[in-house]
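Here the structure is laid out as structure tokens; the discussion comes afterwards.
The values are calculated or read from the model by the stated rules, or taken from the named source; none is laboratory data. Fair warning: this is a prediction, and the values are worked out from it, not measured in the lab. Please note: Cβ atoms are built from the backbone with ideal geometry, for glycine as well, and neighbour counts cover all protein chains shown. What goes into the accessible areas is simple: the full protein's heavy atoms, side chains included, and nothing from ligands, DNA or RNA. Shrake-Rupley method; radii C 1.70, N 1.55, O 1.52, S 1.80 Å.
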Amino acid sequence: MTNIEDLRQTLFARVSATNEPREILKAAELKQLYTVLPTLDPSERGAYGKAVNELKVTLEAAIVARENELEDATIEPLDVTAPWDVNSALPALLPTEQGTQHPLTRELENVIDIFTRMGFEAIESRQIDDDEHMFGALNFPANHPARDGYDTFRTEEGFIPPAHTSTMQNRILKAGKAKLEAGGHIAAVSYGRVFRNEDVDATHEHTFYQCEGVYVSETATLGEMLGTLQGFFETYYGQKLKIKTQPGYFPFVEPGLEFAIEKPAALGGKPGDWLEMLGCGMIHPNVLRSADIDPEKYRGFAWGGGIERLVMLKYGIEDLRHFESGKLAFLRKFA
Ligand code: DAH
């Protein structure tokens with residue numbers, strides 16, 4: 001009997017070491033066991049036969065286990081998050097080139113980088129908002145005609161897909177109040193997608209992008225604002241620029257200004273070609289009050305403008321509709 005036990009251990013060791021475990025059933029030592037049977041005393045044959053049988057059954061189980069193990073090892077792990085062509089062979093007719101960032105995404109990141117380096121925190125704007133953030137907290141009185149200038153969409157529930165990133169001002173001010181009171185300042189930009197119920201043409205889209213800036217301290221000045229904006233545009237276009245402002249009306253700033261740059265010669269401009277880039281001004285006291293910030297103690301400036309306009313000038317793009325068109329011929333120029 002002990003040699004059956006020894007044999008079991010030898011055969012099991014071989015099973016776990018081979019890639020062909022079923023071959024072990026043909027082992028000469030195993031066959032040998034049967035030839036022993038007739039030579040035994042009849043009184044011993046029953047127990048011996050049982051032990052051999054048991055060995056065969058457990059060996060079979062060990063072989064099946066080893067076979068399963070070998071099969072598992074040949075299955076490659078599947079990354080279900082990978083692009084489709086990583087997990088399967090490439091069908092010849094499907095496109096295999098890699099995608100790229102949309103030009104607006106890339107330029108928006110560029111804009112945010114510049115403001116971040118100037119010390120502004122960057123916050124993405126919301127894509128669904130309410131009347132209070134769109135108008136109320138921005139000093140638009142109820143039923144004021146200035147509301148009509150924004151062509152806002154509205155959901156049946158009365159929510160608003162924001163028509164400007166200024167919807168974030170109140171949140172930025174409230175979140176920064178503690179910093180002001182600790183002797184610091186608020187400096188943030190908010191960027192994101194905005195929506196207007198416009199007739200679409202080469203210069204109007206229902207969906208576009210804006211970037212908004214807010215700066216508040218005890219001493220903020222209009223001069224600082226102009227310096228900040230000029231610095232931004234010169235960094236973005238990589239050259240010195242002439243700027244000018246003219247009065248503009250926005251209920252949330254006083255005074256309110258429209259800010260223009262002279263179209264650079266490198267981008268096809270002639271002296272005197274002024275391009276209006278954004279709206280800006282000193283934050284209206286009521287806007288500070290709506291965030292519970294004392295306008296007697298603190299002052300700030302804000303600006304907001306479209307991203308497409310920046311990008312169109314940089315690359316000489318003549319039609320705003322290209323951006324949302326999904327046309328690959330256009331997008332590939334920026335790959
Ligand atoms: N929200 C304005 C618009 O979309 C742009 C704007 C003007 C933003 C003046 C400002 C600002 O922060 O001070 O037309």
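Summary of computed values
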{"quantity": "Residue-normalised accessible area of the range 45-192, given per residue in Å² at a 1.4 Å probe", "calculated": "59 Å²"}
{"quantity": "About the Cα centre, charge dipole magnitude for the range 265-335 (Lys/Arg +1, Asp/Glu -1 at Cβ), debye", "calculated": "300 debye"}
{"quantity": "Relative contact order (%) - the range 103-334, alpha-carbon pairs under 8 angstrom, separation at least six", "calculated": "21 percent"}
{"quantity": "Of 302, 178, 61, the one that fluctuates the most in a GNM where the chain has Cα springs shorter than 10 Å", "calculated": "61"}
{"quantity": "Accessible surface, 1.4 Å probe, highest first, among residues 34, 298", "calculated": "34, 298"}
{"quantity": "Ranking by accessible area, most exposed first, for 303, 274 with a 1.4 Å probe", "calculated": "274, 303"}
{"quantity": "Using alpha-carbon coordinates, inclination of helix 222-237 to the longest axis of the chain, degrees", "calculated": "50 degrees"}
{"quantity": "Residue 102 versus residue 327: modelled label distance in nm, points set 7 Å from Cα along the beta carbon direction", "calculated": "1.6 nm"}
{"quantity": "Between 0 and 90°, nearest 10: helix 42-74 axis offset from the chain longest Cα axis", "calculated": "20 degrees"}
{"quantity": "Highest-MSF residue in the chain out of 23, 254, 109 [GNM, Cα springs under 10 Å]", "calculated": "23"}
{"quantity": "Under 14 Å, Cβ to Cβ, from residue 276 - net charge with Lys/Arg +1 and Asp/Glu -1", "calculated": "0"}
{"quantity": "Area accessible to solvent at residue 100, 1.4 Å probe radius, in Å²", "calculated": "90 Å²"}
{"quantity": "Overall form of the range 162-239 per C-alpha gyration tensor (a/c, 1.5; a/b vs b/c)", "calculated": "oblate"}
{"quantity": "Under-5 Å amide H pairs with residue 209, H placed in peptide plane, nonlocal only", "calculated": "194, 307, 308"}
{"quantity": "The chain - share of DSSP beta bridges that are antiparallel (%, nearest 5)", "calculated": "90 percent"}
{"quantity": "Over the range 103-334: Kirkwood hydrodynamic radius from C-alpha pairwise inverse distances, Å", "calculated": "18.3 Å"}
{"quantity": "Accessible surface of the range 263-304, 1.4 Å probe, proportion on carbon and sulfur as whole %", "calculated": "48 percent"}
{"quantity": "Rough spin-label spacing in nm, given labels placed 7 Å along Cα→Cβ, for residue 122 and residue 67", "calculated": "5.9 nm"}
{"quantity": "With all protein chains modelled, accessible area of residue 41 [1.4 Å, Å²]", "calculated": "80 Å²"}
{"quantity": "Highest-fluctuation residue, 286, 139, 68 considered, GNM on the chain with Cα pairs under 10 Å", "calculated": "68"}
{"quantity": "Summed residue charge, Cβ within 10 Å of residue 158's Cβ, Lys/Arg positive, Asp/Glu negative", "calculated": "-3"}
{"quantity": "Extension reserve of the residue 41-residue 144 stretch, reckoned as 0.36 nm per residue once the Cα distance is removed", "calculated": "25.7 nm"}
{"quantity": "Most to least accessible of 296, 156, 121, 205 (protein chains only, probe 1.4 Å)", "calculated": "156, 296, 121, 205"}
{"quantity": "Degrees between helix 103-117 axis and first principal axis of the chain (Cα, 0 to 90, nearest 10)", "calculated": "70 degrees"}
